[in-house]
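Starting off with a structure, shown below.
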Amino acid sequence: MIAIPSPAIGMSRGRDGSRSGVLEENLPCSVAATAPIRKVALLGNHAPRRCGIATFTTDLADAIADDPAALDSFVLAMNDPGERYAYPPRVRFEITEGDIASYRRAADFLNVNAVDILCVQHEYGIFGGKAGSYLLVLLRELRMPIVTTLHTILSEPHQSQRTTIEELIRLSERLVVMSAEGATLLRDVYGVPMSKIVVIPHGIPILPAGGPNKDRLGLGGRPVILTFGLLSPDKGIEYVIDALPSILETHPKAVYLVVGATHPHVKERSGESYRLMLAQRARRLGVDANMIFHDRFVSQGELMEFLAAADIYVTPYVKPEQITSGTLAYAVGCGKAVVSTPYRYANELLAEGRGVLVPWRDPQAIAREITALLADDARRVALGKRAALHGRDMVWPAVAHRYVQTFEQASAEHAARRRTSFQTRTLANRRSELPEVNLEHLRNMTDDTGLLQHAAFSIPRYDEGYCLDDNARALLLMALVEDARDDEVRAIRALASRYLAFVRHAFDRERGRFKNFMSYGREWAEAFGSEDSHGRAIWALGTVIGRSTDPGRQSLSGALFHAALPAVADFTSPRAWSFALLGIDEYLRAFGGDSSIQSAGRTLAERLLDRFRRAYDPEWPWPEEAVTYCNAKLPHALIVSGRWMGHPEMTATGLRALEWLATIQHSSNGYFSPIGSNGFYSRTGEKACFDQQPVEAYAMVSACLEAGRVTEEARWAERARCAFDWFLGQNELQLCLYDATTGGCRDGLHADRMNENEGAESTLSFLLALTEMRSADRLVAAAELARELAR
């Protein structure tokens, strides 16, 4: 079969405690400044796999390796299902077409190996999934810019093809096409700005010295017509065979060479039926003695011999939309007289007298033009010279240099956008960008018992059961979204009842404590849960009391709240105190005159304030020796408690601690960068940059919005938005944790990738943050409208 060009792993722990195959690196907490690109990876097929993409990728990799830029380059090779190839050392990673897990492993491999640019060779058929969509799974997880070479551009894609290509366009920094017609298609059909498109011709080898040697091929003295490439029914070779009788009338010694094996995908589907049909057709027309089939893969050197021996090269393809053809590029570069049907690439490459175009499926026209060219040596040579002159810019060294320039431009613009995208956005033009609240994933994670803790991707993991923490968070969310659209009210009420029932079942009235973990078999794993889970339950119950309009839920929540609050007096966890204080603040919205609750709140708030007082240091205004998890809830509790208590020192202490926390969780490039759970941040140590958790972003959003309400300073709204944007991709890895398809949120950021699981804590953290952001925006919009009406 002839190949024709055509267009150090380690382990990291996730938020849920699971291990995954990525290397933990001591990466800086901010994105590094732009540096020259050094390492390039190419993704596509590679020799010895026998197809056009494999030849193209192999030749491009060779040429980049020889470029004066001296880049370190390697290849990730796509494999057919069940096939393995004896690749050269350059191929450092193999991806099985239909194995989606191997695409994710490839993303890990690229991120860990600090690749500066990934160059993708795109053809729908070489990647797994519908319309090759598995490729997107890989690309979405990458940290480096992507340059994609499009070997096929469809003018009328079906829906799955359009979905795939539009996402590929979005993910790519640059799109390389091999013709101006391809650039026009991208612009007109897909709306791609021309600034994102680069036209780089299909590469061709530098021709060896010396002229044609027909004798070596046994063709001495015979006019040679050549077609080469992988055979498939869209090649139109039968129309050249139909033209041969007329050609042989004038040139009886002419021979038609068809060099190349049947395309492997065609052979897999229908065997050699196309080739057998061609041979039978030649015998029926009596031209089989003037036809030679070379049914094998030939080396590039052999291919050059066939091209050198050819008098005329013919591409009778039957698909008008073909946007590139490596076979045609080779023929033009070799200075051959070409006869072709007018597919898109041929129209462009053979313009200005560089070849001859004939109508579709027209043997008479093919015969007429080939006969005339064989009879007119001067015209045939002139066509070849014009073609060869045009082909000088298509040799691989020139093409590789254009690719290297494109890589450098893509890298520089990618880095510049990462530095400036956050800073240039304002609160005014971002309000409309907040997504709608989507409870679909929350529903999927909820069964008749309650909310399940963890997910494998977006699928609930039954084996890890339920916990009070997440059901309390979910109950809190339901209280905040009760004023949703009418069509959602019934679903929200049902979920709220489910979560409140779980919280009620978790409470042990004899002990006055909540249990936390429950197995999927509905068995409690402990006599009572953590102090923090108890505090979260009180927070949720207080919110239901203060905000719900359902009398039944309010009454039940009130009974549980009063029964559970006394236990907090014996707690030692500042976070448990803080969660309880947030619940007390919500409770007092409805029952501000309840002196017993006020007294309990004052005791807890003073205890928390005393922790801050005793530990205070201007360089470490924090009540603990380490900044760990749910950090912003501590100053948040002081701020809200200081407000209802009329305690300026308490409020000021909370604001000062929140200011410091915001500073240490703000990267040099303007992103929110929460304390990582992989080590946290001790007073005498270094801040852990990863793994970053959604619960930290939510805590900061909520606390900053509260600080803004208390101080009426706009900077707090900006800080809240900065923390919220972390979910939407404004983070160290430029990866969006919110999954708009499912409504879930990924479980965090590792040093080199996302944790793809969408557990309850992460999803609730996003939904709570989103709900509070939307509520704050509504208040701002109402205030702006009031000011406008007052003018």
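The values are calculated or read from the model by the stated rules, or taken from the named source; none is laboratory data. Values in this document were obtained by computation on a predicted structure and should not be read as measured data. Here Cβ is always computed from backbone atoms with ideal geometry, including for glycine, and neighbour counts include all displayed protein chains. Side chains are part of the model used for accessible areas, which takes the heavy atoms of the whole protein and leaves out ligands, DNA and RNA. Shrake-Rupley method; radii C 1.70, N 1.55, O 1.52, S 1.80 Å.
I'd like to verify a number: residues in the stretch 229-250 that are at negative phi and part of a loop (DSSP other than H, G, I, E, B), how many?
Of the residues in the stretch 229-250, 2 are at negative phi and part of a loop (DSSP other than H, G, I, E, B).
Looking only at the stretch 229-254, count every residue that is under 51 Å from the mean Cα position of the chain (by Cα) and closer than 14 Å to Met291 by Cβ and tell me the total.
Restricting attention to the stretch 229-254, the residues satisfying the condition of being under 51 Å from the mean Cα position of the chain (by Cα) are 229-243.
Right, trim to closer than 14 Å to Met291 by Cβ and you get 231, 237-243.
Residues in the stretch 229-254 being under 51 Å from the mean Cα position of the chain (by Cα) and closer than 14 Å to Met291 by Cβ: 8 in total.
Could you grab me the full set of residues in the stretch 631-689 that are farther than 19 Å from Arg611 by Cα, open to solvent by less than 10 Å² (accessible area, probe 1.4 Å) and in contact with a Lys or Arg (Cβ under 7 Å, 6 or more places away or on another chain)?
Passing the criteria: only Ile675.
Right, next: Has the stretch 345-367 got any residue that is at positive phi, modelled with pLDDT of 85 or more and among the charged types (D, E, K, R)?
Yes, because at least one residue in the stretch 345-367 is at positive phi, modelled with pLDDT of 85 or more and among the charged types (D, E, K, R).
Separate question: Quick check on this structure: which one of Gly220, Gly125 is modelled with pLDDT under 95 and in a helix (DSSP H, G or I)? Give the derivation first.
Details: Gly220 fails: in a helix (DSSP H, G or I).
None of the other options fit; the residue is Gly125.
Next question, about the same structure. In the list Arg709, Arg774, Arg715, which residue meets the criterion of being under 29 Å from Pro460 (Cβ atoms), in a helix (DSSP H, G or I) and open to solvent by 40 Å² or more (accessible area, probe 1.4 Å)?
Arg774
Then there is this: Return yes when Asp108 is under 13 Å from the mean Cα position of the chain (by Cα), charged (D, E, K, R) and over 28 Å from Leu186 (Cβ atoms) and no when it is not.
Here the answer is yes, as Asp108 does meet what is asked.
Just checking, does the stretch 149-160 include any residue being polar (S, T, N, Q), at pLDDT 90 or above, out of contact with any His (no Cβ under 9 Å at 6 or more places or on another chain) and buried (at least 18 other Cβ atoms within 10 Å of the Cβ)?
No, there is no match, as no residue in the stretch 149-160 is polar (S, T, N, Q), at pLDDT 90 or above, out of contact with any His (no Cβ under 9 Å at 6 or more places or on another chain) and buried (at least 18 other Cβ atoms within 10 Å of the Cβ).
Continuing with the same structure: Return the residue satisfying two criteria in turn: it lies in the stretch 701-744 and is in contact with a Phe, Trp or Tyr (Cβ under 6 Å, 6 or more places away or on another chain) and among the aromatic types (Phe, Trp, Tyr), and of such residues it is farthest from Thr446 (Cα to Cα).
Taking the candidates together, the pick is Trp726.
If you don't mind, another one. Would it be correct to say that Gly82 is farther than 30 Å from Gly748 by Cβ and buried (at least 21 other Cβ atoms within 10 Å of the Cβ)?
So Gly82 does not fit the description; no.
So which residues in the stretch 475-499 are open to solvent by less than 20 Å² (accessible area, probe 1.4 Å) and closer than 18 Å to Tyr520 by Cα, if there are any at all?
Tyr499
Answer yes or no: is there a residue in the stretch 10-20 that is modelled with pLDDT of 80 or more, of a type outside the set (Phe, Trp, Tyr) and open to solvent by 50 Å² or more (accessible area, probe 1.4 Å).
Looking for residues that are modelled with pLDDT of 80 or more, of a type outside the set (Phe, Trp, Tyr) and open to solvent by 50 Å² or more (accessible area, probe 1.4 Å), one finds none in the stretch 10-20, hence no.
Please verify whether the stretch 79-91 includes one or more residues that are under 25 Å from His202 (Cα atoms), modelled with pLDDT of 90 or more and either of a type in the set (S, T, N, Q) or in contact with an Asp or Glu (Cβ under 6 Å, 6 or more places away or on another chain) (or both).
yes
Could you grab me the full set of residues in the stretch 431-465 that are of a type in the set (Phe, Trp, Tyr) and either in contact with a helix residue (DSSP H, G or I) (Cβ under 7 Å, 6 or more places away or on another chain) or assigned to a helix (DSSP H, G or I) (or both)?
Result: Tyr462, single match.
Consider the stretch 31-67. How many of its residues are at pLDDT below 95 and part of a strand (DSSP E or B)?
Number of matching residues: 1.
With respect to the numbered conditions (1) touching a Pro at 6+ places or on another chain (Cβ under 9 Å); (2) open to solvent by 10 Å² or more (accessible area, probe 1.4 Å), which one is the sole condition not fulfilled by Ala703?
All conditions are met except number (2).
Out of all the residues in the stretch 148-195, which are at positive phi and in a helix (DSSP H, G or I)?
none
Follow-up question, since we're still on this one. Go through Arg296, Arg269, Arg275 for me and flag whichever is closer than 26 Å to Asn79 by Cα, charged (D, E, K, R), surrounded by fewer than 22 Cβ atoms within 10 Å (Cβ to Cβ) and touching a strand residue (DSSP E or B) at 6+ places or on another chain (Cβ under 6 Å).
Details: Arg296 fails: touching a strand residue (DSSP E or B) at 6+ places or on another chain (Cβ under 6 Å); Arg269 fails: touching a strand residue (DSSP E or B) at 6+ places or on another chain (Cβ under 6 Å).
Sole residue among the options that is closer than 26 Å to Asn79 by Cα, charged (D, E, K, R), surrounded by fewer than 22 Cβ atoms within 10 Å (Cβ to Cβ) and touching a strand residue (DSSP E or B) at 6+ places or on another chain (Cβ under 6 Å): Arg275.
Quick one: how many residues across the stretch 123-148 are closer than 21 Å to Pro264 by Cβ, open to solvent by less than 30 Å² (accessible area, probe 1.4 Å) and over 12 Å from the mean Cα position of the chain (by Cα)?
Looking only at that region, the number is 6.
Also, quick follow-up: Please pick out the residue among Ala567, Ala600 that is hydrophobic (A, V, I, L, M, F, W, C), in contact with a strand residue (DSSP E or B) (Cβ under 7 Å, 6 or more places away or on another chain), under 24 Å from Arg509 (Cα atoms) and open to solvent by less than 60 Å² (accessible area, probe 1.4 Å).
Ala567 is the lone residue from the list that is hydrophobic (A, V, I, L, M, F, W, C), in contact with a strand residue (DSSP E or B) (Cβ under 7 Å, 6 or more places away or on another chain), under 24 Å from Arg509 (Cα atoms) and open to solvent by less than 60 Å² (accessible area, probe 1.4 Å).
Next up: Here is a list: Arg513, Arg553, Arg509. Which entry is in contact with a Leu (Cβ under 8 Å, 6 or more places away or on another chain) and either acidic (Asp, Glu) or over 26 Å from Ala707 (Cβ atoms) (or both)?
So the residue among Arg513, Arg553, Arg509 that is in contact with a Leu (Cβ under 8 Å, 6 or more places away or on another chain) and either acidic (Asp, Glu) or over 26 Å from Ala707 (Cβ atoms) (or both) is Arg553.
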